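Contents: one structure, followed by commentary.
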Amino acid sequence: MRNQRGDVRELILELGEADELFVARAPDVASGTPPLPPGIEQIRDALDARSLPAALATVIVLPRAKVKPGLACEITRAVERYCEIGISQAEKEIRLLRQEGVRTLFIGLSLFVVFVAIAEAVVRSRLPGAVRDFFGSDGLFIVVGWVGLWYPIETLLYSGRPHRRELAILRAMREMRIVVRAAD
């Protein structure tokens, strides 16, 4: 499939019924069918594994008896609602992480300044050279100061990354075209 923006990535989901989009399929030992995760998780996993396409289409293949007029629209509304809830949650997590990073940055900076000042005082003291080196210049107090900054920096720069990826996946899913087709 193609559109004006480039390739359309097409995912094909074979489900026993439409509700399996959100509910895991139970195993059927007699027919040799293992349990399957909900279809929505299968879509997310497929998108998470690769770079996100410019456009996405999901073809849901159902038994002929389970296909009814307007089902694609109903499924589209359910997926959009699912995505909106997930987007809201991911945005909230990013906001909370940013607040946590800023809050702890002030503590980390304070620790850094205090320990660098202590290290400088040790370097300027009349302590033996080995003690000054161990605690002062490039020593223990400098390392402790940097460790105090590590958590806030990591929180601000890296902790939100999984949530930003989740946002991108959910936004792509919210915009995907859904087609329902009867199994052959």
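Rule-based calculations on the coordinates, nothing more; no lab input. Because the structure is a prediction, the values reported are computed rather than measured. Virtual Cβ from ideal backbone geometry, glycine too; neighbours counted across all protein chains shown.
With viscosity set to 0.890 mPa s and temperature to 25 °C, compute the Stokes-Einstein D of the range 145-184, Rh being the Kirkwood radius across alpha carbon pairs; µm²/s, no decimals.
Here the translational diffusion coefficient equals 184 µm²/s.
May I ask for the Rg/Rh ratio of the range 88-167, computed from Cα atoms with Rh as the Kirkwood radius, given to two decimals?
1.24
Average the reciprocal distances over every distinct pair of alpha-carbons in the chain, invert the result, and give the Kirkwood radius in Å. Numbers along the way, then the final one.
Values: mean 1/r = 0.0484 Å⁻¹.
Answer for the chain: a Kirkwood hydrodynamic radius of 20.7 Å.
Which residue, Ala65, Ala30, Ala18, tops the fluctuation ranking in a GNM of the chain built on C-alpha contacts under 10 Å?
It is Ala30.
Quote to one decimal, in nm, the extra length available between Val131 and Glu175 on full extension: 0.36 nm per residue of separation minus the C-alpha distance between them.
Stretched out fully, the Val131 to Glu175 stretch lengthens by 9.5 nm.
Quick check on the exposure proxy: order Cys73, Cys83 from fewest to most C-beta atoms within 10 angstrom.
Cys73, Cys83
DSSP loop (so not H, G, I, E, B), at most 10 other Cβ within 10 Å: list which trypsin sites (Lys or Arg not before Pro) in the range 99-180 pass both filters. Write out the running numbers ahead of the final one.
Details: sites: Arg103, Arg124, Arg126, Arg132, Arg164, Arg165, Arg171, Arg174, Arg177; in loops: Arg126.
Answer by residue number: Arg126.
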